[in-house]
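K.L.:
Have a look at this one before I ask anything.
The values are calculated or read from the model by the stated rules, or taken from the named source; none is laboratory data. Everything quoted here is computed from the prediction, not taken from an experiment. A quick note on method: Cβ atoms are made from the backbone with ideal geometry, for glycine too, and the neighbour counts reach across all protein chains shown. Quick note on the areas: whole protein, heavy atoms, side chains included, nothing else; ligands and nucleic acids left out. Shrake-Rupley method; radii C 1.70, N 1.55, O 1.52, S 1.80 Å.
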Amino acid sequence: MRFAAVLVAAGRGERAGGGLPKQFLPLGGESVLRRTLRPFVAHPQIEAIQPVIDPVFDAEYRAAAESLGKLLPPVAGGKTRQQSVRAGLEALSRNAPEFVLVHDAARPFVSEGLLDRALHAVRSAGAAVPAVPVSDTVKRIDATGRVAETLDRTSLRAIQTPQAFAFAPLLEAHRRAAEARRHDFTDDAALLEWAGSPVATFEGDPANLKLTTADDFTRANALMAASLGDIRTGTGFDVHAFGPGDFVMLGGVKVRHTKSLVGHSDADVLLHAITDAVLGALAEGDIGKHFPPSDPQWRGAASNQFLTHAVALVAARGGRIAHLDATILCEAPKIAPHADTIRASVAAIAGIDASRVSVKATTTEGLGFLGRGEGIAAMATATVRLPWGAA
Ligand code: CTP
Ligand code: MG
């Protein structure tokens, strides 16, 4: 194994207050820890993630980690951050990676670019930490609060995590520090400095905020709201005609009927309308542009892959789907008995909570082609939140 990560989440978050430790508090609709885990899980070069937790909060951990891949079984942390990191490294040592990233659960704004820089820096330096220039003037004060000296800002850096290390020397330094009864180094770089090993820096990220106090949560919430404030709306519409058969696909659910829908793919009229709505919100053309009906590979295709693709385009822009609303138009089959199953299915395909999906149905009072029972139509609206400044 080349790259693994240790994610320390065993602290009590006393300075943040708020009942639960800060890594389990909600931030923009999901827990801080889940947000922190996500970019590590998504990074193609990171093969395994070793979470370190306080077993008292096992249930909260499970909720945060649910359905995320690459996560090794969590191990119990120690009294200090350093001891928690050590526990994670010892657990990883059974199948040791070449390099390890050590990251605080309290930093949920890790970008893919920051991870790329960490992996790149550690390959050449063996130990490298993200550094951010200090913009305030920094002074040392004496015990009475009087200024003792002004430090040279040009040589000062604020150091973040993820910090990246060759695995074996880091574990060795941790073991030696423990033997020397040193347990309170506040980061891993400090421990290597103590051991006399060089530590390089790479460009950190000012947005990689560390959540320490309740104020930090207020700021983080404001940042998130602003960062996904570019709200887009898209609409979609689709029709498929009935042909012989005994079921129709609606939102990825097989609904028994006396006919089937005819189409090039599985003719899931609802997923097609929703997919077009999502593509519309991105101004990315329509489903036919992404999945040409002339292409034989989409013959009989399950339509969930169309929506999955549209959802991935949203994610690739750093966005989220806020809501999907759809109406199915037909005389038969009756939709109401299946509406909740269809909602849950669409939500699972779109990777969002079912409370963000609405599925309604109506007849056309016997009028027109739908009224004559010649097919099913569906219309959909997608609300998508993108970061400001995205193309
Ligand atoms: N951490 C840990 N084990 C500890 C102490 C801290 O795993 N014994 C983790 C925290 O969960 C956090 C990171 O180390 O993700 C950075 O520590 P800090 O910000 O100090 O978090 P807490 O110790 O939880 O907060 P506080 O000091 O306010 O209690
Ligand atoms: Mg602490």
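K.L.:
Just how far, in whole angstrom, is segment 1-59 from segment 303-375 if you go by their alpha carbon centroids?
P.N.:
Measuring centre to centre over Cα atoms gives 33 Å.
K.L.:
With θ taken as phi - 60° and the coefficients 6.51, -1.76 and 1.60, list the Karplus ³J(HN,Hα) couplings across segment 285-293 in order, rounded to whole Hz; mark glycine and proline as x.
P.N.:
Computed from phi, the couplings for segment 285-293 are x, 10, 4, x, 6, 7, 9, x, x Hz.
K.L.:
A195 to T235: FRET efficiency via 1/(1 + (r/R0)^6), r the Cβ-Cβ distance, R0 56 Å, to the nearest 0.05?
P.N.:
0.40
K.L.:
Label points 7 Å out from Cα along the Cβ direction at D184 and V41: separation in nm?
P.N.:
3.6
K.L.:
Next question. Which loop-located GluC sites (Glu not before Pro) does segment 81-140 contain, where loop means any DSSP state but H, G, I, E or B and the Cβ has at most 15 other Cβ atoms within 10 Å? Spell out each step's value before the answer.
P.N.:
Numbers: sites: E90, E98, E112; in loops: E98.
Answer in residue order: E98.
K.L.:
Is the shape of segment 128-236 rounded, prolate or oblate, going by the alpha carbon gyration tensor and its root eigenvalues a ≥ b ≥ c, with a/c under 1.5 for rounded and a/b larger than b/c for prolate?
P.N.:
Cα axes put segment 128-236 in the oblate bin.
K.L.:
Calculate, for the chain, the solvent-accessible area per residue in square angstrom, rolling a 1.4 angstrom probe over the heavy atoms of the protein chains.
P.N.:
Spelled out: the 1.4 Å probe surface of the chain, per residue, equals 47 Å².
K.L.:
Oh, and also: Using the Kyte-Doolittle scale, find the helices of the chain whose mean hydropathy is at least -1.0 and whose Cα atoms extend 30 Å or more along the helix's long axis, counting only whole DSSP H runs. List each step's numbers first, then the result.
P.N.:
On the way: long enough: none.
The answer is none, since no helix passes both cut-offs.
K.L.:
For K334, go through the aspartates and glutamates and keep the ones whose alpha-carbon is under 19 Å away, minus same-chain ones fewer than eight residues off.
P.N.:
D238, D246, D268, D325, E365, E374
K.L.:
Another question, then. If you plug each phi of segment 12-19 into the Karplus form 6.51 cos²θ - 1.76 cosθ + 1.60 with θ = phi - 60°, what whole-Hz ³J(HN,Hα) values come out, in order, with x for Gly and Pro?
P.N.:
Karplus values, whole Hz, x for Gly and Pro: 9, x, 5, 5, 7, x, x, x.
K.L.:
Moving to a separate point now. May I ask you to derive the relative contact order of segment 303-391, considering only C-alpha pairs under 8 Å and at least 6 residues apart, and to give it as an integer percent?
P.N.:
43
K.L.:
Also: Out of residues 5 or more away from G204 or on other chains, whose amide H comes under 5 Å of its own, with H placed 1.01 Å from N in the peptide plane?
P.N.:
Those lying under 5 Å, H to H, from G204 are A131, V132.
K.L.:
Say the dipole of the chain comes from +1 at the beta carbon of Lys and Arg and -1 at that of Asp and Glu; which of P244, F3, Q163 then lies farthest toward its positive end?
P.N.:
Working it through, the farthest residue towards the positive pole turns out to be Q163.
K.L.:
Rounded, prolate or oblate: which fits the chain when a ≥ b ≥ c are the square roots of the eigenvalues of the alpha-carbon gyration tensor, with rounded for a/c under 1.5 and prolate only if a/b beats b/c? Write down the numbers at each step before the final one.
P.N.:
Values: a/c = 2.68, a/b = 2.36, b/c = 1.13.
Prolate, because a/c is 1.5 or more and a/b exceeds b/c.
K.L.:
Pairs of alpha-carbon atoms within less than 8 angstrom and 6+ residues apart define the contacts here; what relative contact order does the chain have, in percent?
P.N.:
The value is 15 percent.
K.L.:
Another question, then. Within segment 244-261, list the residues whose amide N lies under 20 Å from a label point set 7 Å along Cα→Cβ of A312.
P.N.:
So the set is 252.
K.L.:
Explain nothing, just compute: Karplus ³J(HN,Hα) = 6.51 cos²θ - 1.76 cosθ + 1.60, θ = phi - 60°, for every residue of segment 66-77 in order, whole Hz, x for Gly and Pro.
P.N.:
3, 6, 8, x, 6, 8, 6, x, x, 10, 7, x
K.L.:
At 7 Å along Cα-to-Cβ for each site, give me the label-to-label distance between S67 and T258 in nm.
P.N.:
For the pair S67/T258, the computed spacing is 3.7 nm.
K.L.:
With each run of n ≥ 4 DSSP H residues scored as -39500 (n - 2.57), what mean residue ellipticity at 222 nm is computed for the chain after dividing by its residue count and rounding to the nearest 500 deg cm²/dmol?
P.N.:
Using -39500 (n - 2.57) per qualifying helix, the result is -9500 deg cm²/dmol.
K.L.:
Find out how many positive minus negative residues lie around D215, taking Lys and Arg as positive, Asp and Glu as negative, among other residues whose Cβ is under 14 Å from that of D215.
P.N.:
Counting the neighbours of D215, the net charge comes to +3.
K.L.:
Right, next: If you keep only loop residues by DSSP, which trypsin sites (Lys or Arg not before Pro) in segment 53-144 have at most 13 other Cβ atoms within 10 Å of their Cβ?
P.N.:
K79
K.L.:
To continue, here is another question. Given a Förster radius of 41 Å and the C-beta distance between K139 and N221 as r, what FRET efficiency does 1/(1 + (r/R0)^6) yield to the nearest 0.05?
P.N.:
0.85
K.L.:
About the Cα centre, and with charges only on the beta carbon of Lys, Arg (+1) and Asp, Glu (-1), how big is the dipole of the chain? Nearest 20 debye, please.
P.N.:
600
K.L.:
For a Förster distance of 41 Å, can you work out the FRET efficiency between the beta-carbons of S124 and D340, rounded to the nearest 0.05?
P.N.:
Given R0 = 41 Å and the Cβ-Cβ separation, E is 0.15.
K.L.:
Report the charge-dipole magnitude of segment 230-386 in Debye, nearest 20, computed about the Cα centre from +1 at each Lys and Arg Cβ and -1 at each Asp and Glu Cβ.
P.N.:
It works out to roughly 260 debye.
K.L.:
Rounded, prolate or oblate: which fits segment 130-191 when a ≥ b ≥ c are the square roots of the eigenvalues of the alpha-carbon gyration tensor, with rounded for a/c under 1.5 and prolate only if a/b beats b/c?
P.N.:
Oblate, since a/c reaches 1.5 and b/c is not below a/b.
K.L.:
Where nothing but the Cβ of Lys and Arg (+1) and of Asp and Glu (-1) is charged, how large is the charge dipole of segment 3-227 around its Cα centre, in debye to the nearest 20?
P.N.:
240
K.L.:
Right, here's the next one. Please report the net charge: other residues with Cβ closer than 10 Å to the Cβ of A76, K and R +1, D and E -1.
P.N.:
-2
K.L.:
Please sort by residue number the trypsin sites (Lys or Arg not before Pro) in segment 273-355 whose DSSP state is loop and whose Cβ has at most 12 other Cβ atoms within 10 Å.
P.N.:
R299
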